[in-house]
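*Asks:* Starting off with a structure, shown below.
The values are calculated or read from the model by the stated rules, or taken from the named source; none is laboratory data. Computed from a predicted model, the values in this text were never measured in an experiment. All Cβ positions, glycine included, derive from the backbone under ideal geometry; neighbour counts span all protein chains shown. With ligands, DNA and RNA removed, areas are computed over all heavy atoms of the protein, side chains included. Shrake-Rupley method; radii C 1.70, N 1.55, O 1.52, S 1.80 Å.
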Amino acid sequence: MSRNLVIQTDFGTSDGAVSAMYGVAISVEPTLRIFDLTHDIPQYNIWEASYRLNQTIAYWPEETVFISVVDPGVGTSRRSVVARTVDNQYIVTPDNGTLTHIKEVIGIKEARVIDEKMNRLPRSGESYTFHGRDVYAYTGARLASDVITFEQVGPSIDAGDVIALTKPEAFIEDGVIYGNIDILDVRFGNLWTNISRALFNEAIIEYGDSFEVTIANNRQQVYKNIMTYGHSFADSHLGEPLLYVNSLDNLGVAINQGSFAKAYHIETGANWRIVIRKVA
């Protein structure tokens, strides 16, 4: 393995939970290199955990081990798994939809259920609420440091049986583009859609073109306005909205030096729809 361990949670860093996971991992193997993906996933937001993994994983070396703990079902019958991607990365996580984007965008080659009789922190058997420490950090560290092989994680399951959330696809119909607000560029409040640049370009657009943008939560319209498609934020005046291509080569919606999400109380996920229509 690469001896790289990358951890993502919804724990925040205001208490000792993340530090405890670090301690378990280093106790397994002091030479492990441990990195944070983020610990600011909104509480219980499995969709965002799935997205952030997909956003990040391709930029890490082969055989990096990722731990993702957003686990509202902790202590229930939900499975704990390790998935191996087609690019030979490993993800240790509850099987609750966290692997949605990895499964559909990258691909899962193999998956195994964690055998807690073998892969659980010693003397932690009476704890049912901190699997991030007791199961995932311990198993991830053992896998990353070659204490166990992937086969020793536990019994194999069909990769197709790994749980996935509903993941709508963007499309064009009669020149109108339909998509979803997948995620927020959190610090700046920009909206990141699932509309790829390639799909957007099918509408025969150029920089400087104007578009009518409508955003709805389910069927309730939240926003409707005309905005320009620009190279970057500098292509609009201060406080003006614009369309642009983000760092993942998908379409984004922003306010120049403002938070679009806060201004219009917009959130993310399968219920948040965006419709883009070119203005003649």
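Every residue, every condition in (1) crowded, with 18+ Cβ neighbours inside 10 Å; (2) touching a residue at least 12 places away in the same chain (Cβ under 8 Å); (3) of a type in the set (Lys, Arg), yes or no:
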| residue | (1), (2), (3) |
| --- | --- |
| Ile108 | yes, yes, no |
| Glu116 | no, yes, no |
| Ser127 | no, no, no |
| Asp134 | yes, yes, no |
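*Asks:* Here is a list of conditions, (1) modelled with pLDDT of 90 or more; (2) open to solvent by less than 80 Å² (accessible area, probe 1.4 Å); (3) within 23 Å of Arg52 (Cβ to Cβ), and Lys262 meets all of them except one; can you say which number that is?
*Replies:* If we test Lys262 against (1) modelled with pLDDT of 90 or more; (2) open to solvent by less than 80 Å² (accessible area, probe 1.4 Å); (3) within 23 Å of Arg52 (Cβ to Cβ), just (2) comes out false.
*Asks:* Could you tell me which residue of the stretch 232-250 is farthest from Ile46 (Cα to Cα), considering only residues that are touching a residue at least 24 places away in the same chain (Cβ under 8 Å) and either within 17 Å of the chain's Cα centre (by Cα) or part of a helix (DSSP H, G or I) (or both)?
*Replies:* Taking the stretch 232-250 as the starting set, the residues that turn out to be touching a residue at least 24 places away in the same chain (Cβ under 8 Å) are 233, 235, 241, 243, 245-246, 248-250.
With the extra rule that they be either within 17 Å of the chain's Cα centre (by Cα) or part of a helix (DSSP H, G or I) (or both), the set shrinks to 233, 235, 246, 248-250.
Details: Phe233: 30, Asp235: 35, Asn246: 22, Leu248: 20, Asp249: 23, Asn250: 21 Å.
The residue in question is Asp235.
Yes/no matrix, rows are residues, columns are (1) within 23 Å of Glu48 (Cα to Cα); (2) in a strand (DSSP E or B):
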| residue | (1), (2) |
| --- | --- |
| Val105 | yes, no |
| Glu116 | no, no |
| Arg123 | no, no |
| Tyr136 | yes, no |
| Ile181 | yes, yes |
| Phe188 | yes, no |
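*Asks:* Right, something else. If you take the residues in the stretch 57-68 that are open to solvent by 50 Å² or more (accessible area, probe 1.4 Å) and in a helix (DSSP H, G or I), which one is nearest to Gln89 (Cα to Cα)?
*Replies:* The qualifying residue nearest to Gln89 (Cα to Cα) is Ala58.
*Asks:* Tell me the residue from Gly154, Gly132 that is of a type in the set (Gly, Ala, Ser) and closer than 21 Å to Lys103 by Cα, please.
*Replies:* Gly154
*Asks:* Only one of (1) farther than 19 Å from Lys167 by Cβ; (2) part of a strand (DSSP E or B) is not met by Gly132, so which one is it?
*Replies:* Exception for Gly132: condition (2).
*Asks:* Could I ask something else about it? What are the residues in the stretch 70-90 that are touching a Gly at 6+ places or on another chain (Cβ under 9 Å) and closer than 12 Å to Gly140 by Cα, if any?
*Replies:* Correct list: Ser80, Val81, Val82, Tyr90.
*Asks:* All but one of (1) open to solvent by 40 Å² or more (accessible area, probe 1.4 Å); (2) in contact with a Ser or Thr (Cβ under 8 Å, 6 or more places away or on another chain) hold for Val275; state the number of the condition that does not hold.
*Replies:* Every condition holds for Val275 apart from (1).
*Asks:* Ok, one more. Keeping to the stretch 10-38, report how many residues are over 20 Å from Gln89 (Cβ atoms) and touching a strand residue (DSSP E or B) at 6+ places or on another chain (Cβ under 8 Å).
*Replies:* 6
*Asks:* Scan the stretch 232-253 for residues that are surrounded by fewer than 11 Cβ atoms within 10 Å (Cβ to Cβ) and among the hydroxyl-bearing types (Ser, Thr, Tyr) and jot them down.
*Replies:* As a first pass, look at the stretch 232-253 and keep what is surrounded by fewer than 11 Cβ atoms within 10 Å (Cβ to Cβ): 234, 237-239, 247, 249.
Hit for the stretch 232-253 is Ser247, nothing else.
*Asks:* Name every residue in the stretch 85-100 that is of a type in the set (Asp, Glu) and either open to solvent by 10 Å² or more (accessible area, probe 1.4 Å) or in a strand (DSSP E or B) (or both), in order of residue number.
*Replies:* Of everything in the stretch 85-100, just one residue is of a type in the set (Asp, Glu) and either open to solvent by 10 Å² or more (accessible area, probe 1.4 Å) or in a strand (DSSP E or B) (or both), namely Asp87.
*Asks:* Restricted to the stretch 12-56, and to residues that are in a loop (DSSP other than H, G, I, E, B) and open to solvent by 60 Å² or more (accessible area, probe 1.4 Å), which residue is nearest to Leu121 (Cα to Cα)?
*Replies:* Once the filter is applied, the top-ranked residue is Pro30.
*Asks:* Here are Gly97, Gly73: which of them is at pLDDT below 95 and under 21 Å from the mean Cα position of the chain (by Cα)?
*Replies:* Gly73 is the lone residue from the list that is at pLDDT below 95 and under 21 Å from the mean Cα position of the chain (by Cα).
*Asks:* Looking only at the stretch 195-231, filter to residues that are in a loop (DSSP other than H, G, I, E, B) and of a type in the set (D, E, K, R); which one of those is least open to solvent (accessible area, probe 1.4 Å)? Steps first, please.
*Replies:* Initially, the stretch 195-231 is screened for residues in a loop (DSSP other than H, G, I, E, B), giving 202-209, 218-219, 230-231.
This time we only want the ones that are of a type in the set (D, E, K, R), so: 202, 206, 209, 219.
Working: Glu202: 125, Glu206: 128, Asp209: 34, Arg219: 236 Å².
Of everything passing the filter in the stretch 195-231, Asp209 is least open to solvent (accessible area, probe 1.4 Å).
*Asks:* Considering only residues that are buried (at least 16 other Cβ atoms within 10 Å of the Cβ) and among the small types (Gly, Ala, Ser), look in the stretch 146-162 and name the one that is nearest to the chain's Cα centre (by Cα).
*Replies:* Filtering first and then ranking leaves Ala159.
*Asks:* Quick one: would you say Asp174 is surrounded by fewer than 19 Cβ atoms within 10 Å (Cβ to Cβ), in contact (Cβ under 8 Å) with a residue 24 or more places away in the chain and of a type in the set (D, E, K, R)?
*Replies:* No; evaluated as a whole, the condition is false for this residue.
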